[in-house]
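The values are calculated or read from the model by the stated rules, or taken from the named source; none is laboratory data. None of these values were measured; they are calculated from a predicted model. Cβ atoms come from the backbone with ideal geometry, glycine included; neighbour counts cover every protein chain shown. With ligands, DNA and RNA removed, areas are computed over all heavy atoms of the protein, side chains included. Shrake-Rupley method; radii C 1.70, N 1.55, O 1.52, S 1.80 Å.
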Amino acid sequence: MGLVAYEVEGKVAVVTVSNAPVNALSQAVRAGLSEAIERFQSDAEADIAVICGAGRLFLGGADITEFGKPPMSPGLPEVINQIEASTKPVVAAVHGAALGGGLEVAMGAHYRVALAGAKLGVPEVKLGILPGAGGTQRLPRLVGVETALSMITSGAPITAEAGVEAGLIDKLGVGGDARAAGVAYAQELLAGGAAVRPTGAIAPPEAVDFAAVQAKLKAKARGEVAASVAAEAVEAATRLPFAEGLAEERRLFMTLMDTPQRAGLIHAFFAERAVAKLPEIVGVAPRKFGHIGVIGGGTMGAGIATSAALAGLVVTLVEREQAAADTARDTITRNLNAGIKRGKLSEATRDAILSDKLVTTVGYEGLSQADLVIEAVFENMEVKKQVFAELDRVLPAGAILATNTSYLDVDEIAASTSRPADVIGLHFFSPAHIMKLLEVVVAGKTAPDVVATAFALGKRLGKTSVRAGVCDGFIGNRILAHYRTAADHMVLDGASPYQIDKALVEFGFAMGPYQVSDLAGLDIGYMTRQRKLADAHPRDRAPTFADALYHKGWLGQKTGHGYYIYDEGSRVGRKDPEVEEIVAQARADAGVTPRAFTDEEIVRRYMAAMVNEGARVLAEGIAQRPSDIDVVFLAGYGFPRWRGGPMQHGDAQGLESILADIREFAEQDDHYWKSAPLLEQLAREGRSFDSLNKS
Ligand code: 3H9
């Protein structure tokens, strides 16, 4: 029977889905399940059926690769209705995970057993849709509206144990064999004379204050619609008979299926999985990395050390003086304590890390046993070279020498050592123990197994690792520098920094560029401008207002004042009229007559700049694929996930249209606005960035 096996074992029909890797409910699986249930109806040898999954989990949900394509019969809702309508009882035996359509299959069954630790969830909203195979109608009937709403609108799974408590699971299975647990439970049910028990026959659940629910969801949605629409479907369950509720769910599901948000979120899902697929490391075994060294105990070094220690690695952090080493230990302890507050680790784990896993010390000799050392010292080439000379001297053969530089030339650092093949960039984002993004900067001579180790380490640390080539700023900061310039030009031409922040937050960014400056510190941007001064072109337009703020000592949140004023204890800034005056002065000094910008033009300019520089980064091979750039911006720069990332956004807008914007903007400034040749080529050929993801 292809992907779905049917066997009878002592009056129990065992229906097993085997569709590696996650038992997605593809057309062939749906057809197989439907056939199996039909066969069970007329099978005199079987009085009860068990549905289970082969491999590491029960069912991972609908086959996401089918979305956006013409539907193929039988549909999942029909198959689940068929299971529920079975005249003989059906049991779902869950192990690993039952997700989305997978949990919906389980809810269509009459009884559910789950192995301890299994995850039960309806993550559809994370893909821009809602549980569309009865989940919004059956789940509230089983667990009540409140729990159903929480699971459906967050997409977060619960454990089998919590499922039992909530009434979703009837029995917690023992042992590691779901099929055996399912058969045992089925026999127990048979012995007790259990009858069919359709979830759809349960009375509609009691309503809650749905207006309040919607208000709460909309307040935190930042433009994302799925959770709110999913809550509408749950609301329908409370007021409509089951069949009508299913029809309403279907209608709402189809509206979400048609949104660009669905396309953006599913793009993000696959982009995040494609990012680790690198031809250069296929079949290459990573080196060992159980003992990590960190050079420098500032915010970044301490964050990296925290991240590694939390992942169970042994960490030796080296500082120049004992006092600095002690401060680093204090910072790491604070990071761990904050993790305890957020429920990420226990006090016992913290104590074990501090006593057994973490050494903070002075001098490089403590690194003689280290497998991989990450340098996180001051961003200065000469300082870095001194550190690498020391590392070259003390590290054992085969150890990896990594730099956390955010823009310096990793090739030059590598060339200063006697072992350039062992050198790589590992660009963490601050705070390093929290931010997901890790740029793996591969230099010209970096060995493939060093790249493989960097990706294995990233996975161990729970990071999203993206391969980047060597250039000033790598993928993220290079593109950031370019679009940030577009924002500064708009300020010089008449837009207020506050309007720009507001327009971009409404677009869906976590923060606008001037809020980001305040968070990062205005000194960072100032140093970058100073560093690049020597390469400046006479037609470059300097953001003199930003320099003026820096010289006033308004460095952002850390000084309580940057573009915004931060009142004591507040991280939310308020506007400052004095900043507007400083900006007005900068315009006057530059001889600019200010003009008004619409929010729409602000977004168009910002995004055109981002996509254009993204195209250059691709053409130069700094990023391997457009979707890797998307992942960088989703994981590290607060880009709205439901838009899929900047390159996906470019595709969604149409590359012709982005190019037309750039040409329009170039009429006022043809020095800054030069279209990238790759963008022109793709637009000319009628192709998208996504076509490069596939090639
Ligand atoms: C749904 O069910 C809609 C219904 O309500 C209504 C229908 C009418 N389909 O993540 P991994 C691939 S919506 C197709 O690395 P892990 C994935 O791309 C669905 N492919 O493994 C990857 O491929 P490759 C609701 C899928 O162990 C490979 O499997 N369900 C699907 O880290 C391994 O994936 C979800 O949203 C899929 N559904 O994590 C669950 N899932 O090797 C989505 C995975 O070629 N999936 N693939 O790169 C997950 O969250 C994780 O994959 C899971 C395993 C936790 C299951």
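Remarks
- Checking the stretch 11-19 against the condition returns no match, with no residue being at positive phi and open to solvent by less than 10 Å² (accessible area, probe 1.4 Å).
- Helices (runs of 4 or more DSSP H) completely within the stretch 169-268 that count 3 or more residues being more than 15 Å from the ligand (Cβ to nearest atom) and under 26 Å from ALA118 (Cβ atoms): 178-191
- Here PHE545 clears all of (1) open to solvent by less than 40 Å² (accessible area, probe 1.4 Å); (2) assigned to a loop (DSSP other than H, G, I, E, B) except the condition numbered (2).
- Residue match in the stretch 405-416 (condition: of a type in the set (D, E, K, R), open to solvent by less than 20 Å² (accessible area, probe 1.4 Å) and in contact with a helix residue (DSSP H, G or I) (Cβ under 8 Å, 6 or more places away or on another chain)): no
- Extreme residue, surrounded by the fewest Cβ atoms within 10 Å (Cβ to Cβ), among residues of the stretch 456-481 that are in contact with a Lys or Arg (Cβ under 8 Å, 6 or more places away or on another chain) and modelled with pLDDT of 95 or more: GLY462
- Counting residues in the stretch 637-659 that are among the aliphatic types (A, V, I, L, M), closer than 19 Å to HIS482 by Cα and not in a helix (DSSP H, G or I) gives zero.
- Test: residue in the stretch 608-621 that is over 24 Å from LYS126 (Cβ atoms) and among the β-branched types (Val, Ile, Thr): yes
- In the stretch 92-101, residue most open to solvent (accessible area, probe 1.4 Å) [restricted to those that are under 16 Å from GLY182 (Cα atoms) and within 12 Å of the ligand (Cβ to nearest atom)]: GLY96
- Any hit, the stretch 655-665, residues being assigned by TED's automatic domain parsing to the domain that holds GLY494 and under 28 Å from LYS126 (Cα atoms): yes
Condition check ((1) farther than 18 Å from PRO497 by Cα; (2) free of Cβ contacts under 8 Å to residues at least 24 places away in the same chain) across all residues:
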position: GLY591; (1), (2): yes, yes
position: ARG595; (1), (2): no, no
position: ARG605; (1), (2): no, no
position: GLU613; (1), (2): yes, no
position: VAL617; (1), (2): yes, no
position: ARG625; (1), (2): yes, no
position: GLN648; (1), (2): yes, no
position: LEU659; (1), (2): yes, no
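- Odd one out for GLY462 among (1) in contact with a Phe, Trp or Tyr (Cβ under 6 Å, 6 or more places away or on another chain); (2) not assigned by TED's automatic domain parsing to the domain that holds ALA588: (1)
- Failed condition for GLU685, given (1) within 17 Å of LEU618 (Cβ to Cβ); (2) open to solvent by less than 60 Å² (accessible area, probe 1.4 Å); (3) of a type in the set (Asp, Glu): (2)
Rundown of residues vs (1) among the polar types (S, T, N, Q); (2) more than 14 Å from the ligand (Cβ to nearest atom); (3) surrounded by fewer than 23 Cβ atoms within 10 Å (Cβ to Cβ), yes/no style:
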{"position": "ASP43", "(1), (2), (3)": "no, yes, yes"}
{"position": "VAL50", "(1), (2), (3)": "no, yes, no"}
{"position": "LEU59", "(1), (2), (3)": "no, no, no"}
{"position": "ILE64", "(1), (2), (3)": "no, no, yes"}
{"position": "PHE67", "(1), (2), (3)": "no, no, yes"}
{"position": "PRO71", "(1), (2), (3)": "no, no, yes"}
{"position": "LEU76", "(1), (2), (3)": "no, no, no"}
{"position": "ILE80", "(1), (2), (3)": "no, no, no"}
{"position": "VAL90", "(1), (2), (3)": "no, yes, no"}
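- Here the stretch 272-320 is the region considered, the condition is being more than 19 Å from ALA376 (Cα to Cα), of a type in the set (D, E, K, R) and away from the ligand (no atom under 16 Å from the Cβ), and the residue that is most open to solvent (accessible area, probe 1.4 Å) is LYS288.
- Residue check for VAL315: part of a strand (DSSP E or B) and of a type in the set (A, V, I, L, M, F, W, C): yes
- Subset of the stretch 675-690 (residues that are charged (D, E, K, R) and touching a residue at least 40 places away in the same chain (Cβ under 8 Å)): ASP690
Yes/no matrix, rows are residues, columns are (1) without any contact (Cβ under 8 Å) to a residue 40 or more places away in the chain; (2) part of a helix (DSSP H, G or I); (3) open to solvent by 20 Å² or more (accessible area, probe 1.4 Å):
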site	(1), (2), (3)
GLU506	no, yes, yes
PHE509	no, no, no
LEU519	yes, yes, yes
ILE524	yes, yes, yes
ALA534	yes, yes, yes
ARG541	no, no, yes
LEU549	yes, yes, no
GLU568	yes, no, yes
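- Within the stretch 128-156, being touching a Ser or Thr at 6+ places or on another chain (Cβ under 9 Å) and more than 9 Å from the ligand (Cβ to nearest atom) holds for GLY128, GLN137, ARG138, LEU139, PRO140, ARG141, LEU142, VAL145, ALA148, ILE152, THR153, ALA156.
- Within the stretch 540-558, the set of residues being more than 31 Å from the chain's Cα centre (by Cα) and of a type in the set (S, T, N, Q) comprises THR544 only.
- Selection status of SER368, hydroxyl-bearing (Ser, Thr, Tyr), assigned by TED's automatic domain parsing to the domain that holds VAL394, open to solvent by 40 Å² or more (accessible area, probe 1.4 Å) and in contact (Cβ under 8 Å) with a residue 12 or more places away in the chain: yes
- Per-region count, the stretch 102-127, residues out of contact with any Pro (no Cβ under 9 Å at 6 or more places or on another chain), within 8 Å of the ligand (Cβ to nearest atom) and under 25 Å from ALA36 (Cα atoms): 1
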